[in-house]
Amino acid sequence: MPTTLLRVFARLAVCAAVVGAAAAVPSVVAAQELHDAYHSAPLDTLPADAYQGWKQFELNCSRCHGEYAVGSSFAPALIVSLRDGGTIPTKEAFIATVCAGRPAKGMPSWCALGLEMEKINNIYAYVKGRADGKIHAGRPAAKPEG
Ligand code: HEC
C-alpha cells in the first residue's frame, strides 16, 4: 500500500476515535446531572431533620429567600444571616423571627400561618448547615433510617 494511503487511513482512525469520544461525553454528563427525568443528582446526604427542613424551606421560603437560602432581590440570604456574627446569631433568634415574621417588611408570620414548630426546627437544621458550609447548594438526599 502506498504510504500516502496509509496516512489517510491513520487520519481517519484518529478522526473516528475523536468523534466517538465526543459522542460518549454528553451521555456521561447527562447521567451525572440528572438523577431522574425531573431531578438533578443529590449532592449531600442529610439526616432526617435537615432533609425535611430542606423540603420545607423550598416549599415555604425559597420563593423569597432564594433556592438553597442564597437570597434574592427581595429577601436576605439566610446563609449570611445565620453565619457566625450574622444578624440571626442563635436558634432562638431564628425561631422568634420566623414565628413572628416582620409583616411590615414583607416577611410573613409563620406561626400565624400555621407552620408547625417541628417544621421550623427542621428548617433551622437545614439553613444552619448551609450557613456553616456543611451543606452545599443543590438537591440533597436523605440518609437511610437505622
Ligand atoms: C413573601 C416573602 C418571604 C417569604 C415567603 C419568607 N420570607 Fe423571610 N424574610 C422576607 C423579607 C423581605 C425579610 C427581610 C425583612 C427585613 O427587611 O427586615 C425576611 C427576613 C427573614 C429572616 C431574618 C433575616 C435577617 O438577617 O434579619 C429570617 C430568619 C427569615 N426571613 C426566615 C424565613 C423562613 C425560614 C421562611 C420560610 C418558612 C421565610 N423567611 C419566608 C421575606 C420572606
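Does Gly114 fit the bill of being in contact (Cβ under 8 Å) with a residue 40 or more places away in the chain and outside any helix (DSSP H, G or I)?
No; evaluated as a whole, the condition is false for this residue.
Within region 108-146, can you find the residues that are modelled with pLDDT of 95 or more and among the acidic types (Asp, Glu)?
Passing the criteria: Glu116, Glu118, Asp132.
The values are calculated or read from the model by the stated rules, or taken from the named source; none is laboratory data. Just so it is clear, the model here is predicted, and its values are computed rather than measured. Cβ coordinates were reconstructed from backbone atoms using ideal geometry, including for glycine residues, and neighbour counts include every protein chain displayed.
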